[in-house]
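Let me begin by presenting the structure, written as structure tokens, before commenting on it.
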Amino acid sequence: MKRMNTNTHTPGPWELHENETWEVHPLDDEHGTFVIAEVPRDAQGDKEANARLIAASPRLLKALAGLAQYANGRLDRNPYSIPEFKEALQAIGEATGYKGDWMDVNVKAIAQ
């Protein structure tokens with residue numbers, strides 16, 4: 001069995017700063033000097049939406065892992081037979097650098 005990548009992301013929450021570009025910073029970065037991501041600004045607005053998605057990603061990952069953990073064992077059928085459950089575990093694996101089988105993703109460790 002392959003294990004989850006030991007590299008971890010910068011702990012959330014992250015927040016969006018509106019400057020000359022859209023900057024994503026850890027919430028506890030009181031000086032605003034640590035930039036996780038920088039997205040150029042544009043008039044169309046899709047760049048802002050991308051920056052907001054990046055800023056929300058630690059919360060989204062934790063929430064998805066929590067839902068997957070909750071669903072496992074509480075549904076009236078095997079959650080591994082549900083396409084959306086499989087998709088959730090694959091997304092969690094992709095976000096965490098997991099290289100093994102999607103059924104082996106450790107959502108409990110991520111959800112905490």
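The values are calculated or read from the model by the stated rules, or taken from the named source; none is laboratory data. Nothing here was measured: the structure is a model prediction, and the numbers come from that model. Cβ: placed from backbone, ideal geometry, glycine included. Neighbour counts: every protein chain shown.
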Inset, instruction - Just need a number here: residues in the stretch 38-49 that are in contact (Cβ under 8 Å) with a residue 12 or more places away in the chain and in a helix (DSSP H, G or I). - result: 2
Inset, instruction - Only one of these is in a strand (DSSP E or B) and not β-branched (Val, Ile, Thr): Glu84, Glu23, Glu30. Name it. - result: Glu23
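Any idea how many residues of the stretch 27-37 are touching a residue at least 12 places away in the same chain (Cβ under 8 Å) and loosely packed, with under 15 Cβ neighbours inside 10 Å?
4
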Inset, instruction - Residue by residue through the stretch 43-54, note down the ones that are surrounded by 11 or more Cβ atoms within 10 Å (Cβ to Cβ) and among the charged types (D, E, K, R). - result: Lys47, Glu48, Arg52
Legend entry - Scope the stretch 66-94; condition under 30 Å from Pro40 (Cα atoms) and crowded, with 17+ Cβ neighbours inside 10 Å; matching residues: Ala88, Ala91, Ile92, Gly93
Inset, instruction - Name, by its number, the condition in (1) touching a helix residue (DSSP H, G or I) at 6+ places or on another chain (Cβ under 7 Å); (2) surrounded by fewer than 17 Cβ atoms within 10 Å (Cβ to Cβ) that does not hold for Asp101. - result: (1)
Inset, instruction - Select from the stretch 33-48 the residues that are small (Gly, Ala, Ser) and modelled with pLDDT of 90 or more and list them in ascending order. - result: Ala37
